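Here is the structure we will look at.
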Amino acid sequence: MADKKEAPPMCGVIEKGGTAHDYSTGGWRKLKPVVDMGKCTNCLICWVMCPDSAVITEGGKMKGFDLEHCKGCGICAVECPDKVKAITMEEEAS
């Protein structure tokens, strides 16, 4: 009997929890988030709201974005407090 080969993972399907980080999805993005660190208050609302866990934090402070996984949805910029607006969305360079 021949050895049964495992089928390759289907595109866009995450078969079990905890594996989403293995997929680079940043190429889908049309807009990218840009943070003005001079304005950022490190409230981390962007980190809480990001559906892709693409906000990089260290020591309780916002450090930037993981653009390999950010899909450019803009929720981070929308949720950044109105008085601060440290995050803006810019067109992705071609």
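Values computed for the structure shown
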{"quantity": "In Hz, Karplus ³J(HN,Hα) per residue of segment 67-82 (6.51, -1.76, 1.60; θ = phi - 60°; x = Gly, Pro)", "calculated": "6, 6, 10, 5, 9, x, 5, x, 4, 4, 5, 5, 7, 4, x, 3"}
{"quantity": "With all protein chains modelled, accessible area of Leu67 [1.4 Å, Å²]", "calculated": "70"}
{"quantity": "Placed amide H near Gly64: partners under 5 Å, 5+ positions off or other chain", "calculated": "Ile56"}
{"quantity": "Cα Rg, Dmax (largest Cα-Cα span) when computed across segment 26-94, Å", "calculated": "11.0, 33"}
{"quantity": "Modelled FRET efficiency - R0 30 Å, Asn42 with Lys16, Cβ distances, 0.05 increments", "calculated": "0.35"}
{"quantity": "Calculated FRET value between Trp28 and Thr57, using beta carbons and R₀ = 25 Å, to 0.05", "calculated": "0.65"}
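The values are calculated or read from the model by the stated rules, or taken from the named source; none is laboratory data. All values derive from a computational prediction rather than experimental measurement. Here Cβ is always computed from backbone atoms with ideal geometry, including for glycine, and neighbour counts include all displayed protein chains. In case anyone asks, the SASA skips ligands and DNA or RNA and just uses the protein heavy atoms, side chains included. Shrake-Rupley method; radii C 1.70, N 1.55, O 1.52, S 1.80 Å.
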